[in-house]
Amino acid sequence: EIEKESLNYSARISDTLFVNERKCASQEILEIELKENPDLALKIEEIEEFTKSAINLDIKDITKFKIRIPIIVNVLYRTPAENISLAQIYSQINVLNQDYNGTNPEFNQVPGIFSGVKASVDIVFYVEKVIRRQTTRTSWAFRNEEMKKPEFGGIAPTSPENRLNLWVCTLEGGILGYAKAPGTALELDGVVLDSKYIGTNGRATAPFNKGRTATHEIGHWLNIRHIWGDRTCGNDFVSDTPSHNAPNYGSPIFPHYSTCPGTPIEMTMNFMDYTDDASMYMFTYGQRDRMRAQFLPGGYRNAFL
């Protein structure tokens, strides 16, 4: 029933998307995998129970140290423009390290009502290797994930058990990017970004040219959900984020009130909403704990340590 409701919700929002609106396919690809692999639901439930237990027990290891994440960047290109520069790649790494450590310029602009919950996740990212492959394909569909399969001209992931693989290519359907949730197929694990929406220079295209698509998608890869819970007034399993009616787009004017129970002010500046890059600039402590719990002993991403 949950899967059916989520699919119906996805269908509803897909009818309302317009040009220049953020389109993340992470939930859609998860729903496809759940349909194809019924056992996946159990694996995700196990990860969720582990995460809740770690947070409820207030395990201090969650907050003790910075976590370093090596990234393998896989670039698939047909045109010279798609073969993005190292400068564009490193501009993205710079954004990630700011956004995940509370040093982004906008961090101090978080409204007072949310200032007590804004958090540094204390994760550092660095590029270990860049792999490039020329292709004759004009675009790649997220549903079949062929950009990750050498037999279809893609690039296989490198050591996905302890490396974050980041594929950069031209995605079909106006998708900015998507990520694999913890528990899904390891041989396809990682994050995919369209080459127009990575970094802050080169091919990066407004209003998604501040590197926040990668920040958002890596959040999914680290087990945090869309802030509206992928359904009307849904649950993102984070206690310190307010209920949202649905995704917000563009640059909402603060305060934007929800019609969900309690009519809270929505946290439109959260990285897990759908606003433009310039309008998203914070994670919460609850989101931080969910992400860092994955690295604890027994956690899905523990091998990274």
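Of note:
- Residue within segment 212-228 that is closer than 23 Å to PRO247 by Cβ, open to solvent by 50 Å² or more (accessible area, probe 1.4 Å), at pLDDT 95 or above and more than 13 Å from the chain's Cα centre (by Cα) present: no
- Filter result for MET272 (among the hydrophobic types (A, V, I, L, M, F, W, C), in a loop (DSSP other than H, G, I, E, B) and under 30 Å from VAL127 (Cα atoms)): yes
- Segment 57-73, subset in a strand (DSSP E or B) and β-branched (Val, Ile, Thr), residue modelled with the lowest pLDDT: ILE67
- Hits in segment 255-291 - residues which are open to solvent by 10 Å² or more (accessible area, probe 1.4 Å), hydrophobic (A, V, I, L, M, F, W, C) and more than 14 Å from PRO242 (Cα to Cα): ALA278
- Residues within segment 128-177 that are part of a loop (DSSP other than H, G, I, E, B) and acidic (Asp, Glu), tallied: 2
- Identity of the residue in segment 187-246, acidic (Asp, Glu) and part of a loop (DSSP other than H, G, I, E, B), that ends up nearest to PHE125 (Cα to Cα): ASP189
- First in segment 153-176 and open to solvent by 40 Å² or more (accessible area, probe 1.4 Å), second anywhere and among the acidic types (Asp, Glu), Cβ under 9 Å, 6 or more apart: ALA156/GLU187; THR158/GLU128; GLU161/ASP189; ARG163/GLU128; GLY174/GLU21; GLY174/ASP194
- Test: residue in segment 86-99 that is at negative phi and modelled with pLDDT under 95: no
- Residue that is modelled with the lowest pLDDT [pool: residues in segment 130-152 that are open to solvent by 40 Å² or more (accessible area, probe 1.4 Å) and among the polar types (S, T, N, Q)]: ASN144
- Long-range neighbours under 9 Å by Cβ, at least six apart or interchain, first residue in contact (Cβ under 8 Å) with a residue 40 or more places away in the chain and in a loop (DSSP other than H, G, I, E, B) within segment 116-127, second crowded, with 20+ Cβ neighbours inside 10 Å and of a type in the set (Asp, Glu): VAL121/ASP99
- The criterion of being open to solvent by 40 Å² or more (accessible area, probe 1.4 Å), within 18 Å of the chain's Cα centre (by Cα) and basic (Lys, Arg) holds for ARG68.
- Residue match in segment 233-241 (condition: open to solvent by 10 Å² or more (accessible area, probe 1.4 Å), hydrophobic (A, V, I, L, M, F, W, C) and in contact (Cβ under 8 Å) with a residue 40 or more places away in the chain): yes
The values are calculated or read from the model by the stated rules, or taken from the named source; none is laboratory data. Model, not experiment: these values are computed from the prediction. No Cβ is skipped: glycine too gets one built from the backbone with ideal geometry, and neighbour counts run over all protein chains shown. The accessibility values were calculated without ligands, DNA or RNA, using every heavy atom of the protein model including side chains. Shrake-Rupley method; radii C 1.70, N 1.55, O 1.52, S 1.80 Å.
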